[in-house]
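Please read the structure below before turning to the comments.
The values are calculated or read from the model by the stated rules, or taken from the named source; none is laboratory data. Owing to the predicted nature of the structure, the values given are computational and were not obtained by experimental measurement. Because the Cβ atoms are built from the backbone with ideal geometry, glycine has one as well, and the counts that use them run over all protein chains shown.
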Amino acid sequence: MKNFGYSINKDRQIDLDKSDQRIALFVKQHEPSINICISCGTCTATCSAGNYTNLNLRKLILSVKRGDIIETKAEISKCMFCGKCLLACPRGVNTRNVILKINQAIEKFSL
Amino acid sequence: MNFHPFVIPFSIGFIVLIFILLYKYFSLFYRLDHQDKSKIYKGVFSLKFFKAIKEVFLESLLHRKIFRVNPLLGYMHTSLAFGWFLIIIGGTVESKVHSHMALKMPYDPVFFNFFNTDLSMYRWANEFNFIMDFLLLIVLSGVCLAFVKRFYSKAFGMKKTSVLKPFDKIALYTLWLIFPLRFFAESFSAGLYNNGGFLTGTAGVFFSSFLPLKNLLVPTWWAYSISLGAFFVALPFSRYMHIPTEIFLIFLRNFGVKTDKIFSSFTELEVLSCPRCGICLDKCQLLKSAEISDTQNVYFLQSLRNKQLNENNTFDCLLCGRCQEFCPVGINLNNIRISQRKHFFPENNNFEYLQPIAIATPKASVIYFAGCMTHLTPTIKLAMTGIFEAAGVDYLFLDKDSSICCGRPLMIAGEYTKANELIEKNKKAIIESGAKTLVTSCPICYKMFNEDYDLNIEVLHHTQYLLQLTEKQIIKINKTNKKVVYHDPCELGRGSGIFNEPRELISHLADISKIKEEKEEALCCGGSLGSVNLSFNKRNNIRKDVLSVLQEGNPDLIITACPLCKKTLQNGANTEVKDIAELVMQNIQNQ
Amino acid sequence: MEYLECLKYSPSKYFRHSKLKALINVNDIIMKQKKVIVIGGGISGMESSTYLTSMGYDVVLIEQKDKLGGKLLKWEKLFPTMSMGKDVVNFLNKGIDLAQVKVELNAKIINAVKEGNIFKINLDDGRVFESDAVLVTTGYDVFDARKKEEYGYGIYDNVITSAELEEKFLSGNDILTNSGKVPKKVGFVHCVGSRDEKVGNVYCSKVCCVTAVKQAIEIKEKIPGVDAYCFYMDLRMFGMHFEALYKQAQEKWAVNFIRGRLSEACENMDGSIMVKVEDTLAGKPLRMNVDLLVLMVGIVPSVGTKTIGKMMGLNFGPNGFFKSLDQHSMTTVSNVPGVFFAGCCVAPRTINNVFVDARAAALMTSSYLEGYDIEKRIQEK
């Protein structure tokens, strides 16, 4: 890209009206327990992969709900699927299936 | 040569069946990979061949495994399969004895009594008549039982019987008709020509007293032939395909061919061998406790055969292996399911971030790998480290601070290629430590280390390891007077065949009492990672039912040997739940 | 005798008009005096039996322990006022004394049944009490923190519960770690056994958030220089002045609030506790060591609530507390006519709420015994 000596900053706001809700709708339809997350962060605190990388399931779920596809795609692949978050979640969110569904949505919509 | 037009339906059916079977089996064989093919070539000329014949005899004809599930159900299968087999043998011998022609039409023994009315011609006619009638009676009793079973399955120890498809129905109804029609046809012949054994002869005399046998004779033989022909044509497209396929399967399995995590034409053979008997339905906790009725293997394999797999019935299953344990055909149901999960699991994982991580592994003689879940049940890991120290073992706690998953949860969800990256990372650390023994507290990890890591060191679950320490008197433990029950973790019990070590270890510590469903029949706690999409509520329902079995005799303690089982059971139990390692640590004498 | 007739329906009026005492044979009246048994001598049991006795009923307050006061006996200071728990106990006892409530201590109920309109309560010493109404005030237990094994209660010495910390406050001794050191950092874990479906408790216990704030302030008061950290999911400062207490904790005492629920705790070599949590506002996993970890244990139905409820055939709600006939209008009324509830056996409540509830239950019990016309509303329900 040419360097013009300046760059245009993207709007920092989440524009929920224009956000891409495809993954969110897909996951909500097939694993509705994504709706009952209370963002307590237990999953992230216990995450095995979280020791090595900044995989953060709580944020990932938020990214999905807010339509942040780039963030979602970047993080989801790091999950080892070990299931610790499933055991730790106080709400009974089916975390592993949420992750599987997000992966499927990414594939389905070729994101 | 004997001939009558009514043999045509039978002959056509027979020829169609032979051709379809030959085509299917040749194509299955052709698609096997080189390794499997060479196993078969070697197997044919070895003792394995005779072992396979023995197994075919025991399983396909005598149905030993079904007897284990329920004797009445076993008798039904044996009477039909073995009885029919003996009728074929008996009929062939009979027709051979009768005339010494080397080549005969295949229908000759089948319709023997129609063509050979004057039996004074050959030797042992009465004996043959008696034997053939006796066999027919046995088969008829089996048909009666099958008939009853369709409408009243509880007597056979089965709560559910599988739902049928159109071809299954044709095959089933024609199968029901074959032997009664044979009975009528032979009785009518016997009545007309005044021969026959104790059954057909007597019935013949009886029927001749009020029926116009002359007019009925040929139509009845026609009906008999048509029912046979129709059954043969329907067979390859129905559940009865399992009859010939299972025989083929038993040979291949004895030669060492098996289903791993990848779908092969042998897997296809296994899928076709499913008799749809529905025994798996009865063993399935999802059906009993979670109201899921489409994921059981009889339906899963059916949808796989019909290429109508759906995600839910692929992922719901807990992979507890109860159905596999009782499958009369011995199909590797869990691996077949795992092989199909990848179709729904996008290959998106990326573990590159693990590459630069260096796991420092100081030398030690024993490596302890607690497992991810054990970090949420710290009493187990504290008990283990306490025991290691009490026993003076030079050990390394590999996943003390941070762990890399063993890979099994990912693998059984269908992503086995990416699981390999996790395997490689852990394997390197294990080998670098130079340890001779790997001990793990998690049965999931144990099964993985044992079967998929290819480690050249001793891999032990802590139940085995602690029993070793006890028996070698490296640790001394006190026996308490507590009354306990033991919950078999799926991956440790059925998954790895470790039933006795934990029980033996417990017997050094407490009084262990038997429970209703244990060992091979043990129930899954509901926490299994085998299922990906089973909801929290349904898992809780499963747990509730398991706990009612475990707590039935009001034990002082429920003992298990898996952090996941412990945590799952603990959250719903009125009784205290402990891991076996905790019990050891509590009662250790070593200073 | 016309007085007697009217008193049949309303014996309580008699006691208010001492003039009547002179006119009528007291024994005749006593025969008609309605009896009430109050089960459980905590705040609600004490306050309701005080009022019921004063209203003229023959009340017996049955308590299984050797002292009245319930869980409040183990509490030092109360939120949000920081007034003393013992002052409230004294207030309650004064009521018991003034009204001359008949109290049965060390009494264990082995059976409770309703025969016709009469309740029969059997004690383990063989005595049987009869009554026309029963007021159940069996209260709560604190959540057994060992069920959250990953937090290390009962495993690591420096993990204690909020109830134990309160007892330490009450004892007046210095707050020390297990090895006798003065803690430099103290962590408070909110929602232990509350809002946790994995342990079967879906509900919020209501009082733990503000108790954590209160205890954090007290720790700061008692140990100069100590750092206090509250690990919370949501801070539910619903009561009057609760928010002010929270603000005070920040402003005056510099208590640290970290939004994240603990996943696990481990013990370090020196006995300090390492907690693993996500700082959800920073969006990153966080690890830190504390010298003392306090688990804010939630409120669960007491063992007594479960056993008495089963004996009397009372309905339980999905959380295991008693189920009221109506959640809005009849919180103190049970499914069995003549049995009423008050206090924490119905739901987690603050002391203020329990007082209101106890007095309301006394009123509802009286209304039932007097057979007021408005009772029809309840019977129709």
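Taking region A:54-76 on its own, how many of its residues are at pLDDT 90 or above, part of a loop (DSSP other than H, G, I, E, B) and within 26 Å of residue B:373 (Cα to Cα)?
2
Quick check on my filter: what residues within region A:74-90 are touching a helix residue (DSSP H, G or I) at 6+ places or on another chain (Cβ under 6 Å) and either at positive phi or surrounded by fewer than 19 Cβ atoms within 10 Å (Cβ to Cβ) (or both)?
Matches in region A:74-90: A:81, A:83.
So is residue B:257 of a type outside the set (Ser, Thr, Tyr), farther than 17 Å from residue B:300 by Cβ and not in a helix (DSSP H, G or I) or not?
For residue B:257, the condition - of a type outside the set (Ser, Thr, Tyr), farther than 17 Å from residue B:300 by Cβ and not in a helix (DSSP H, G or I) - is met.
Just give me the residues in region A:51-68 being facing another protein chain (nearest Cβ under 9 Å) and either under 19 Å from residue C:195 (Cα atoms) or acidic (Asp, Glu) (or both), in sequence order.
A:58
Output the number of residues of region A:69-83 satisfying the condition of being within 13 Å of chain C (Cβ to nearest Cβ) and farther than 26 Å from residue B:423 by Cα.
Number of matching residues: 1.
Can you report the number of residues in region B:374-407 which are facing another protein chain (nearest Cβ under 9 Å), closer than 22 Å to residue B:451 by Cα and outside any loop (DSSP other than H, G, I, E, B)?
The total comes to 0.
For region B:20-97, which helices (runs of 4 or more DSSP H) that fit wholly inside it have 3 or more residues that are closer than 23 Å to residue B:324 by Cβ?
Of the helices (runs of 4 or more DSSP H) lying wholly inside region B:20-97, those with at least 3 residues that are closer than 23 Å to residue B:324 by Cβ span B:47-55, B:64-69.
Scanning region B:73-97 for residues that are buried (at least 16 other Cβ atoms within 10 Å of the Cβ) and of a type in the set (A, V, I, L, M), which turns out modelled with the lowest pLDDT?
Among them, the one singled out is B:73.
What is the one condition in (1) of a type outside the set (S, T, N, Q); (2) surrounded by fewer than 17 Cβ atoms within 10 Å (Cβ to Cβ); (3) at positive phi; (4) in contact with a strand residue (DSSP E or B) (Cβ under 8 Å, 6 or more places away or on another chain) that residue B:362 does not satisfy?
Of everything listed in (1) of a type outside the set (S, T, N, Q); (2) surrounded by fewer than 17 Cβ atoms within 10 Å (Cβ to Cβ); (3) at positive phi; (4) in contact with a strand residue (DSSP E or B) (Cβ under 8 Å, 6 or more places away or on another chain), residue B:362 misses just condition (3).
Looking at region C:169-209 only, could you name the residues that are within 14 Å of chain A (Cβ to nearest Cβ), touching a residue at least 12 places away in the same chain (Cβ under 8 Å) and over 18 Å from residue C:142 (Cβ atoms)?
Selection gives C:187 alone.
Take the residues in region C:147-162 that are facing chain B (nearest Cβ under 9 Å) and among the charged types (D, E, K, R); name whichever of them is nearest to residue C:193 (Cα to Cα).
C:147
Evaluate region B:564-580: report whether one residue or more is buried (at least 17 other Cβ atoms within 10 Å of the Cβ) and within 24 Å of the chain's Cα centre (by Cα).
The answer is yes, given that some residue of region B:564-580 is buried (at least 17 other Cβ atoms within 10 Å of the Cβ) and within 24 Å of the chain's Cα centre (by Cα).
Of the numbered conditions (1) within 30 Å of residue A:32 (Cα to Cα); (2) more than 11 Å from every other protein chain (Cβ to nearest Cβ), residue B:537 fails exactly one; give the number of that condition.
(2)
Restricting the first residue to region C:53-74 and requiring it to be within 17 Å of residue C:102 (Cβ to Cβ), which pairs with a second residue that is aromatic (Phe, Trp, Tyr) meet a Cβ separation below 9 Å and a spacing of at least six or different chains?
Close Cβ pairs (under 9 Å, with a partner that is aromatic (Phe, Trp, Tyr)) amount to C:54/C:15; C:55/C:15; C:56/C:14; C:56/C:15; C:60/C:129; C:62/C:129.
If you check residue C:117 against the conditions, is it modelled with pLDDT under 95, surrounded by fewer than 16 Cβ atoms within 10 Å (Cβ to Cβ) and more than 26 Å from residue C:196 (Cα to Cα)?
Yes, satisfied.
Residues that are in the same structural domain as residue B:443 (by TED's automatic domain parsing): find the strands (runs of 3 or more DSSP E) completely inside region B:456-570 holding 2 or more of those.
Ranges flagged: B:458-461.
Can you say whether residue C:96 is at pLDDT below 95 and outside any loop (DSSP other than H, G, I, E, B), as far as the supplied structure shows?
no
Answer with yes or no whether residue C:135 is part of a strand (DSSP E or B) and either away from chain B (no Cβ under 14 Å) or among the small types (Gly, Ala, Ser) (or both).
Yes: the conditions hold for residue C:135.
Yes or no, residue by residue, for (1) under 38 Å from the mean Cα position of the chain (by Cα); (2) modelled with pLDDT under 95:
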{"residue": "B:343", "(1), (2)": "yes, yes"}
{"residue": "B:359", "(1), (2)": "no, yes"}
{"residue": "B:364", "(1), (2)": "no, yes"}
{"residue": "B:387", "(1), (2)": "no, no"}
{"residue": "B:398", "(1), (2)": "yes, yes"}
{"residue": "B:403", "(1), (2)": "yes, yes"}
{"residue": "B:410", "(1), (2)": "yes, yes"}
{"residue": "B:418", "(1), (2)": "yes, yes"}
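When you scan region B:232-270, how many residues do you find that are within 17 Å of the chain's Cα centre (by Cα) and modelled with pLDDT under 85?
Residues flagged as within 17 Å of the chain's Cα centre (by Cα) and modelled with pLDDT under 85 within region B:232-270 amount to 5.
Report yes if some residue within region C:334-344 is more than 15 Å from residue C:134 (Cβ to Cβ) and not basic (Lys, Arg); otherwise report no.
Yes; the residues of region C:334-344 include at least one that is more than 15 Å from residue C:134 (Cβ to Cβ) and not basic (Lys, Arg).
Which numbered condition in (1) within 10 Å of chain A (Cβ to nearest Cβ); (2) in contact (Cβ under 8 Å) with a residue 40 or more places away in the chain is the only one that residue C:212 fails?
Going through the list (1) within 10 Å of chain A (Cβ to nearest Cβ); (2) in contact (Cβ under 8 Å) with a residue 40 or more places away in the chain, residue C:212 breaks only (1).
Please verify whether residue C:325 is within 14 Å of chain A (Cβ to nearest Cβ), surrounded by fewer than 20 Cβ atoms within 10 Å (Cβ to Cβ) and either farther than 30 Å from residue C:77 by Cα or touching a Ser or Thr at 6+ places or on another chain (Cβ under 7 Å) (or both), treating the condition exactly as stated.
No; evaluated as a whole, the condition is false for this residue.
Being more than 14 Å from chain A (Cβ to nearest Cβ) and either at pLDDT below 95 or out of contact with any Phe, Trp or Tyr (no Cβ under 7 Å at 6 or more places or on another chain) (or both) narrows it down to one residue among C:255, C:294; which is it?
Unique residue meeting the criteria: C:255.
Just to verify a result, which residue in region C:64-78, among those that are assigned to a loop (DSSP other than H, G, I, E, B) and not acidic (Asp, Glu), is surrounded by the fewest Cβ atoms within 10 Å (Cβ to Cβ)?
It comes out as C:67.
Condition check: more than 19 Å from the chain's Cα centre (by Cα) and not hydroxyl-bearing (Ser, Thr, Tyr). Does residue C:96 satisfy that?
Spelling it out, it is not the case that residue C:96 is more than 19 Å from the chain's Cα centre (by Cα) and not hydroxyl-bearing (Ser, Thr, Tyr).
With the requirement that a residue be surrounded by 23 or more Cβ atoms within 10 Å (Cβ to Cβ), β-branched (Val, Ile, Thr) and within 11 Å of chain C (Cβ to nearest Cβ), what does region A:24-50 give you?
A:42, A:44, A:46
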